[in-house]
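Asker: Next up is a structure, given as structure tokens.
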Amino acid sequence: MSPIGVGSTLPDGQLAWFDESDQLQQVSITSLAAGKKVILFGVPGAFTPTCSMQHVPGFVTQSEELKAKGVDEILLVSVNDPFVMKAWAKSFPDNKHVKFLADGSGTYTKALGLELDLSEKGLGLRSRRFALLADDLKVTVANIEEGGQFTISGAEEILKAL
């Protein structure tokens, strides 16, 4: 399957998330993104160096600016279980707007065409690093990284596109 791109519709899918009351929920991408401007960004794994020190912090620290430019939701997806994503979210105490969504089996990542096989590194199936901007489920920006790079999928690049 080819990766999702500009003009594509975000596929629906169920992801796990711990809500503000610390309750585990199943949430659909359509329910989060229909009729809204959303950022959906993905990372290879929770607690990994580039993800934890650069990619996620950029969206956390610039979330107010992103919201001021019309973004309704900032959604992070990673092929990890919801308990890992919950613990990872708690490691960003200043986070007010980024939702940490778990794609435990990688089903949603596969639907996006953005799976990355890191079995040779002992990590199994993961997600490519990416950032999508979508308006009412239609992708308007698709910044998808190659390999382990982090050059086009950060918050700064999305801000430039808004």
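Asker: I need the full set of residues from segment 114-136 which are closer than 11 Å to Ile4 by Cβ and either more than 14 Å from the chain's Cα centre (by Cα) or among the hydrophobic types (A, V, I, L, M, F, W, C) (or both), in order please.
Answerer: Leu114, Phe130, Leu132, Ala134
Asker: Next question. If we only count helices (runs of 4 or more DSSP H) wholly inside segment 1-112, which ones have 3 or more residues that are over 13 Å from the mean Cα position of the chain (by Cα)?
Answerer: 63-68, 82-90, 107-112
Asker: Working only within segment 1-21, note down all residues that are without any contact (Cβ under 8 Å) to a residue 24 or more places away in the chain and either touching a Lys or Arg at 6+ places or on another chain (Cβ under 8 Å) or surrounded by 13 or more Cβ atoms within 10 Å (Cβ to Cβ) (or both).
Answerer: Residue satisfying the conditions is Asp12 alone.
Let's see how each residue does on (1) modelled with pLDDT of 95 or more; (2) under 17 Å from Ala33 (Cβ atoms); (3) in contact with a strand residue (DSSP E or B) (Cβ under 6 Å, 6 or more places away or on another chain):
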| position | (1), (2), (3) |
| --- | --- |
| Val56 | no, no, no |
| Phe59 | yes, yes, yes |
| Pro82 | yes, no, yes |
| Phe100 | yes, yes, yes |
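Asker: Same structure again: Provide a single number: the residues in segment 137-162 that are out of contact with any helix residue (DSSP H, G or I) (no Cβ under 8 Å at 6 or more places or on another chain) and open to solvent by 70 Å² or more (accessible area, probe 1.4 Å).
Answerer: 5
Asker: Note down all Cβ pairs under 6 Å where the first residue falls in segment 49-60 and is touching a residue at least 24 places away in the same chain (Cβ under 8 Å), the second is open to solvent by less than 40 Å² (accessible area, probe 1.4 Å) and part of a helix (DSSP H, G or I), and they're at least six residues apart or on different chains.
Answerer: Partner pairs satisfying both residue conditions: Gly58/Ala155; Phe59/Ala155.
Asker: Further, regarding this structure: If you take the residues in segment 26-65 that are in contact with a His (Cβ under 8 Å, 6 or more places away or on another chain) and over 24 Å from Gly104 (Cβ atoms), which one is least open to solvent (accessible area, probe 1.4 Å)?
Answerer: Here the answer is Ser63.
Asker: Among the residues of segment 117-136, which ones are closer than 29 Å to Glu65 by Cβ, surrounded by 15 or more Cβ atoms within 10 Å (Cβ to Cβ) and not basic (Lys, Arg)?
Answerer: Ser127, Phe130, Ala131, Leu132, Leu133, Ala134, Asp135, listed by residue number.
The values are calculated or read from the model by the stated rules, or taken from the named source; none is laboratory data. Only a predicted model underlies this, so the values are computations on that prediction, with no experimental measurement involved. For neighbour counting, all protein chains shown are included, and Cβ atoms are generated from backbone atoms with ideal geometry for every residue, glycine included. All accessible areas refer to the heavy atoms of the entire protein, side chains included, with ligands and DNA or RNA removed. Shrake-Rupley method; radii C 1.70, N 1.55, O 1.52, S 1.80 Å.
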